[in-house]
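A quick write-up on the structure given underneath.
The values are calculated or read from the model by the stated rules, or taken from the named source; none is laboratory data. These figures come from a predicted structure and were not determined experimentally. Positions of Cβ are generated from backbone atoms using ideal geometry, with glycine treated the same way; all protein chains shown enter the neighbour counts.
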């Protein structure tokens, strides 16, 4: 039975099957390699370094239509809300205008002084701690203070604390 017609057909069919499987594997792997993305270690390290630098940025303090905001790493925190006063003094956390606001050089604190009414010439000073995400009223010797809105002036010490001038 060697070399019979049936054996030749079986060998031919098996050859075609092996050929199709070989071609499928060969071309399939080639296509997968083209689709795969290889990230060298250097690029991965530079991406991680860039993300760390982003986290170390001090942020920005700005006054918007809603109020005073602190923006850091695409997160916006409303520190004090802007509101129209109708012949009344606004409570803490609201203002009609700001006398001053400033971000510390280290980015750890924000100072701002809010004017609580249109006809008032004093401002209430506050300090926002970025690490604690808390706004603190400024007190001197345990007493809450208010400054003249035009005369108040601050600077930042090397340790990040506020210095009143």
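Please specify each residue of the stretch 77-91 satisfying the condition of being within 17 Å of residue 127 (Cα to Cα) and either within 13 Å of the chain's Cα centre (by Cα) or in a loop (DSSP other than H, G, I, E, B) (or both). Correct list: 77, 91. Given the condition surrounded by 16 or more Cβ atoms within 10 Å (Cβ to Cβ), at pLDDT below 85 and farther than 17 Å from residue 156 by Cβ, answer yes or no: does some residue in the stretch 75-89 qualify? Yes: the stretch 75-89 contains one or more residues that are surrounded by 16 or more Cβ atoms within 10 Å (Cβ to Cβ), at pLDDT below 85 and farther than 17 Å from residue 156 by Cβ.
Check 109, 70 and return the single one that is in contact with a strand residue (DSSP E or B) (Cβ under 8 Å, 6 or more places away or on another chain) and under 20 Å from residue 152 (Cα atoms).
Checking each option against the conditions leaves just 109.
In the stretch 118-125, the count of residues that are farther than 17 Å from residue 63 by Cβ, modelled with pLDDT of 85 or more, surrounded by 11 or more Cβ atoms within 10 Å (Cβ to Cβ) and in contact with a strand residue (DSSP E or B) (Cβ under 8 Å, 6 or more places away or on another chain) is one or more.
If you filter the stretch 134-162 down to residues that are under 23 Å from residue 58 (Cβ atoms) and surrounded by fewer than 10 Cβ atoms within 10 Å (Cβ to Cβ), you find that the one that is nearest to the chain's Cα centre (by Cα) is 134. Contact map, the stretch 108-137: residues that are without any contact (Cβ under 8 Å) to a residue 12 or more places away in the chain paired with residues that are buried (at least 16 other Cβ atoms within 10 Å of the Cβ), Cβ distance under 8 Å, separation 6+ or inter-chain. Pairs shown: 134/128; 136/126; 136/127; 136/128.
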